[in-house]
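Notes follow once the structure below has been shown.
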């Protein structure tokens, strides 16, 4: 089947990640079939052995940049893509693997691999935006499939995507959840975390752990101060901000202030 020149071309690329965000896209099922009918998916190794070449109208990138090869490859993808979208916590904030950024990654390599001389890696795990300009971010670990469908539909119809930007507390209020931070002094990251998951954890009585990363006006240091006042230890406070979005600057600032 020849590519349809009237359909936007799409590529979905993977870097250092667990593949969870790409699997979420596949979980769109019938909706994904509709999307596939509206675009020309030329590159998606997770879903097809048919590998096409760019240029691409839209490129989705999952994963953080962790090797010299990654750094070169993301530059190549950016040159081929009209619109570049970072997909998930690894691509937008370095992912859980960014925890190595505060330590000697070379020492980790020496401890894990029998022949570390064969391993070539950067000292840090960083988001895509630290290497090339991006056009949009889809947050989450993993992303929400409704957000993926929203951004694709918006780009196809020439409108601005309607994605969450407020704090998770908004979603808790809409659901009528009891505030865990106020009512029971649970260390909930909701006030500093971007909405988008539907407040799944607070709805089940578990404090938010920030899988969607900080919202744009997040005051993470103020939230850290509240955690201290509620009796959280310094090591636990640091761990609270160093999970899936540890390298996002708002969370990073809060965790590094603990060290000073």
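The values are calculated or read from the model by the stated rules, or taken from the named source; none is laboratory data. It should be emphasised that the depicted structure is a prediction, and the values quoted were computed from it without experimental measurement. Backbone-built Cβ (ideal geometry, glycine too); neighbour counts: all protein chains shown.
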Worksheet, complete the sentence: Restricting attention to the range 158-176, the residues that are in a loop (DSSP other than H, G, I, E, B), crowded, with 16+ Cβ neighbours inside 10 Å and in contact with a helix residue (DSSP H, G or I) (Cβ under 7 Å, 6 or more places away or on another chain) number exactly 1
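Identify, from the list 154, 195, 183, the residue that is touching a helix residue (DSSP H, G or I) at 6+ places or on another chain (Cβ under 9 Å) and either at pLDDT 95 or above or surrounded by fewer than 16 Cβ atoms within 10 Å (Cβ to Cβ) (or both).
So the residue among 154, 195, 183 that is touching a helix residue (DSSP H, G or I) at 6+ places or on another chain (Cβ under 9 Å) and either at pLDDT 95 or above or surrounded by fewer than 16 Cβ atoms within 10 Å (Cβ to Cβ) (or both) is 195.
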Discussion item. I'd like the residue in the range 238-254 that is crowded, with 19+ Cβ neighbours inside 10 Å and free of Cβ contacts under 8 Å to residues at least 24 places away in the same chain and, out of all such residues, is farthest from residue 17 (Cα to Cα).
Written reply: 238
Practice prompt. Return yes or no: is residue 23 assigned to a helix (DSSP H, G or I), assigned by TED's automatic domain parsing to the domain that holds residue 98 and loosely packed, with under 15 Cβ neighbours inside 10 Å?
Written response: yes
Discussion item. Given the options 127, 116, 133, name the one that is in contact (Cβ under 8 Å) with a residue 60 or more places away in the chain and touching a helix residue (DSSP H, G or I) at 6+ places or on another chain (Cβ under 9 Å).
Written reply: 127
